[in-house]
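None of the figures in this text is laboratory data; all of them are computed from the coordinates on show. Being a predicted model, the structure only gives us computed values, none of them experimental. In this analysis, Cβ positions are derived from the backbone assuming ideal geometry, glycine residues included, and neighbour counts consider all displayed protein chains.
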Amino acid sequence: MRSRRAKLPKRRAVDARRGGRVWLFLYLRSRRATLNGSSRRAGPIAEKTFATGLHARLQALLAQIYPQEDTRALTNAVVAAFWPRDRAQRQRPRRPSNGLWSERDALVITYGNSIQDGQHKPLDLLLDFIDTRLGGVVNGVHVLPFFPYTSDDGFAVTDYYKVDPALGDWPDIQRIAAEFTLMSDMVLNHVSSQGVWFNAYRQGKPPYDRFFKEASPGDDLSAVVRPRTTPLLQAVDTAMGPRHVWCTFSHDQIDLDFHNPEVLLEIIRILRFHIDQGVRIIRLDAVAFVWKEAGSPSIHLPQTHAIVKLMRVLADFATEKVILLTETNVPKAENLSYFGRRDEAHMVYQFPLPPLVLHALLSGNVTVLRRWLRAMPPAPLGCAYFNFTASHDGIGMRPVEGILPPDEIARMIAAVRAAGGRVSMRSLADGTEAPYELNCTYFDAMSRTFAGNETDKIARFLCSQTIVMSLEGIPAFYIHSLLATPNDHDAVIHRGMNRAINRHRWHYPALREALDDPASDPAQVLGEMQRRLRIRARQPAFHPNATQLTLQLDDRLLGVWRQSLDRHQSVFALHNVSSEALQIDAYALNLIEDEDWRDLLSGESIDAAGIITMAPYQCRWISNAR
């Protein structure tokens, strides 16, 4: 990731010095042959050059995914799809390292139309907002699907090559990418039922007549893992006769059939196009579901992991610094599997964080959160965790299955409902239902504790966000968390879906007025978030891969020790999740007595042999270097 306003990297020229003119001649000849889809023209020497690099890796993965296909020809097609004639590629893959990110990295998550005024393009308003209010605070922006769509607020895409005209156009996206690291969604599991691809499928037009996953109602689909309660199969009329198509999420979101390599090739072309528009972090949406087999759970199948590995190979050989983030809202072991052996995702979401942090703040107890943190391994070299508490979706409950006891989940549901939130369910294999997510803004979820305390809401909320800033990984903040947005009940009624409660669209003049009022919730929350994030960005101990050790302290106090990669700085991050004032002996932190310790957040000097006081919901970053 790059810092704000960094210049876009210049395209690298081929390094002709290594190997001299002979090497360059062989490379160019093999490159031409590859792009022309012919391996015979490259000659044996050129083929040997590629055998230990890009082509060999791709061919091995394609053999796993498509054992019945001509993998040599398919490899050439993949290379041609990702590197058209005018695109350069690295001659050696980018090696795993901790240099892809730093403590300066933080992202805002937002829809392209989260801010509107009825006069200007929403993408222009978004850039104005992040420039004026978040400049120097975050350096990355995740703009949620900004393509034409028919439902699910962008996740039923009709055309991956266009920007929704209600938001703006590609030049508007490129302007954001020129100033901030841009994250975008590759919605690769499904497309809109009303898009060009599915319409062509129904008409029997190749290649789209084989683009969508079909099944029979008589197939054994009982083991299929579902995130929704709607029927899995949908009957449709086509020019080939009646068909049943697979719909993991909704009947407007038809699943693609990656058994057909043409589907993979088209997704790769789309990836290249988006990278050319300035996208540098690719969020692989719902990637766990992309490969389906009747009689199986149809989630996390080996072919799915092989597809992610293939995309990682493409990213590693790209001249652009491309980062892959897998969106897998599943329990811990399944989620961590997408790191692979440092050959799949660069980043994975920490999906248990939102519900576990919420539970800690509502219960005033960190026991469960601390136990989970202690069991989390450091991210592998070249990988990082993506930390957040809120997003465009609800607060997912699947990741805490087996972590939070059922009675504690029931308490959370009751508290969220008391705060005006809702609960969405998912279907289980036995026909019963279980909580899938809590639908509520994270700010309003902090309205009251399990004990009924309705005071200190802002302090409680800021504590939750500071925990995210303190942990190993890259922090990201949903725009409605930064703005302390309340539940949008009108949107739920108007749009007929629970998730609308957390997808408010601010009127820009009203937002500016609220932010200019020091007494308003948005002004108080954003102002303090800005301050803490600016402090965080200056601390090497908050590098995403800096050492982390979870401290065993009072059950009301979450403590983690972070140490910079060069071991020069330590930060003891303390978070009082309770409504009670606490005192802890500084000896519990093992502070070195001959060093100068100071709380970075309050500026107070800390006595290494004294008592540290913690006000209700107070956070401290106690450091020996600043």
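Classify region 196-255 from the C-alpha gyration tensor, please: rounded if a/c falls under 1.5, else prolate or oblate depending on whether a/b exceeds b/c.
Numbers: a/c = 2.36, a/b = 1.72, b/c = 1.37.
Prolate, because a/c is 1.5 or more and a/b exceeds b/c.
Farthest toward the dipole's positive end in region 361-511, which of Leu373, Ile479, Gly402, given Cβ charges of +1 (Lys, Arg) and -1 (Asp, Glu) about the Cα centre?
It is Ile479.
Which shape class, rounded, prolate or oblate, goes with region 64-175 when its Cα gyration tensor gives a ≥ b ≥ c as root eigenvalues, a/c under 1.5 marks rounded, and past that a/b bigger than b/c marks prolate? Display every interim value, and only then the final one.
Working: a/c = 2.51, a/b = 1.51, b/c = 1.66.
Since a/c reaches 1.5 but b/c is at least a/b, the shape of region 64-175 is classed as oblate.
Would you please classify the overall shape of region 304-345 from the alpha carbon gyration tensor, given that a ≥ b ≥ c denote the square roots of the eigenvalues, rounded means a/c under 1.5, and beyond that prolate means a/b larger than b/c while oblate covers the rest?
Working: a/c = 2.60, a/b = 2.06, b/c = 1.26.
Verdict is prolate for region 304-345.
Contact order normalised by length for region 197-347, with contacts defined as Cα pairs under 8 Å and 6 or more residues apart; what percent is it? Walk me through the numbers before you get to the answer.
Working: 227 pairs, mean separation 29.8, N = 151.
After rounding, I find 20 percent.
Loop only per DSSP, at most 15 neighbouring Cβ atoms within 10 Å: give me the GluC sites (Glu not before Pro) in region 472-581, ordered by residue number.
Details: sites: Glu472, Glu513, Glu528, Glu580; in loops: Glu472, Glu580.
Of the GluC sites (Glu not before Pro), the ones in loops of region 472-581 whose Cβ has at most 15 other Cβ atoms within 10 Å are Glu580.
Treating only the Cβ atoms of Lys and Arg (+1) and Asp and Glu (-1) as charged, compute the dipole magnitude of the chain about its Cα centre; round to the nearest 20 debye. Don't skip to the end; give the middle numbers.
On the way: 74 positive and 68 negative charges, 641 e Å.
It comes to approximately 3080 debye.
Would you calculate the separation in nanometres between label points at His251 and Thr367, each defined as 7 Å from the Cα along the Cα-to-beta-carbon direction?
4.7 nm
Order these by the 10 Å Cβ neighbour count, fewest first: Val287, Val368, Val308.
Working: Val287 26, Val368 19, Val308 22.
With the fewest neighbours first, Val287, Val368, Val308 line up as Val368, Val308, Val287.
Using just the helices of the chain, give the 222 nm mean residue ellipticity in deg cm²/dmol: DSSP H runs with n ≥ 4 each add -39,500 (n - 2.57), and the total is spread over all residues, rounded to 500. Display every interim value, and only then the final one.
Working: 19 runs with 202 residues, N = 626.
Computed ellipticity for the chain at 222 nm equals -9500 deg cm²/dmol.
Determine the sum of side-chain charges near Phe317: Lys and Arg each +1, Asp and Glu each -1, restricted to other residues whose C-beta is under 9 angstrom from that of Phe317. Please list the in-between numbers first.
Details: positive: Arg57, Arg90, Arg92, Arg94; negative: Asp316.
Its environment carries a net charge of +3.
Select from region 103-179 those trypsin sites (Lys or Arg not before Pro) which occupy a DSSP coil region and have at most 13 other Cβ atoms within 10 Å, ordered by residue number.
Filter output for region 103-179: Lys162.
Return the whole-Å distance between the Cα centroid of region 187-234 and the Cα centroid of region 425-448.
Here the answer is 26 Å between Cα centres.
All other residues with a Cβ under 15 Å from the Cβ of Pro165 taken together, and with Lys, Arg as +1 and Asp, Glu as -1, what is their net charge?
On the way: positive: Lys121, Lys162; negative: Asp124, Asp159, Asp164, Asp169, Asp172.
Local net charge: -3.
Roughly how many whole Å is it from the C-alpha centroid of region 334-413 to that of region 491-562?
A separation of 17 Å, based on Cα centres.
For the chain, what is the percent of antiparallel DSSP beta bridges, rounded to the nearest 5? Could you put the intermediate results ahead of the total?
On the way: 47 of 78 bridges.
About 60 percent, rounded to the nearest 5.
Met614: net charge of surrounding residues, Cβ under 11 Å, Lys/Arg +1, Asp/Glu -1, itself excluded? Could you put the intermediate results ahead of the total?
Values: positive: Arg556, Arg620; negative: Asp554, Glu580, Asp599.
Computed value for this residue: -1.
Which entries in Lys205/Lys309; Lys162/Lys332; Lys121/Lys309; Lys121/Lys205; Lys162/Lys213; Lys121/Lys292 show an alpha-carbon gap greater than 28 Å? Intermediate results must be reported in sequence, preceding the final value.
Working: Lys205/Lys309 31 Å; Lys162/Lys332 35 Å; Lys121/Lys309 37 Å; Lys121/Lys205 36 Å; Lys162/Lys213 24 Å; Lys121/Lys292 40 Å.
The answer is Lys205/Lys309; Lys162/Lys332; Lys121/Lys309; Lys121/Lys205; Lys121/Lys292.
Using the count of nearby Cβ atoms within 10 Å as a rough guide to exposure, how do Ile268, Ile458 rank from fewest to most?
Working: Ile268 20, Ile458 16.
Taking fewest neighbouring Cβ atoms as first place, the list is Ile458, Ile268.
Using Cα-Cα distances under 8 Å and only pairs 6 or more residues apart, what relative contact order does the chain have, in percent? Before the final figure, lay out each step's value.
Numbers: 1264 pairs, mean separation 76.0, N = 626.
Relative contact order comes out at 12 percent.
Loop only by DSSP, 15 or fewer other Cβ within 10 Å of the Cβ. Give me the trypsin sites (Lys or Arg not before Pro) in region 526-556 that pass, ordered by residue number. Please list the in-between numbers first.
Details: sites: Arg531, Arg532, Arg534, Arg536, Arg538, Arg556; in loops: Arg538, Arg556.
Filter output for region 526-556: Arg538.
On a full-extension model of 0.36 nm per residue, what is the gain between Ile458 and Thr547, subtracting their alpha-carbon distance, rounded to one decimal in nm? Let's see the in-between values first.
Working: separation 89, 0.36 × 89 = 32.04 nm, distance 2.98 nm.
Here the segment from Ile458 to Thr547 would lengthen by 29.1 nm.
Fewest first, what order do Leu62, Leu582, Leu438 take by the number of other Cβ atoms within 10 Å? Please report the intermediate quantities before stating the final value.
Values: Leu62 24, Leu582 17, Leu438 27.
Starting with the residue having the fewest Cβ neighbours, the order is Leu582, Leu62, Leu438.
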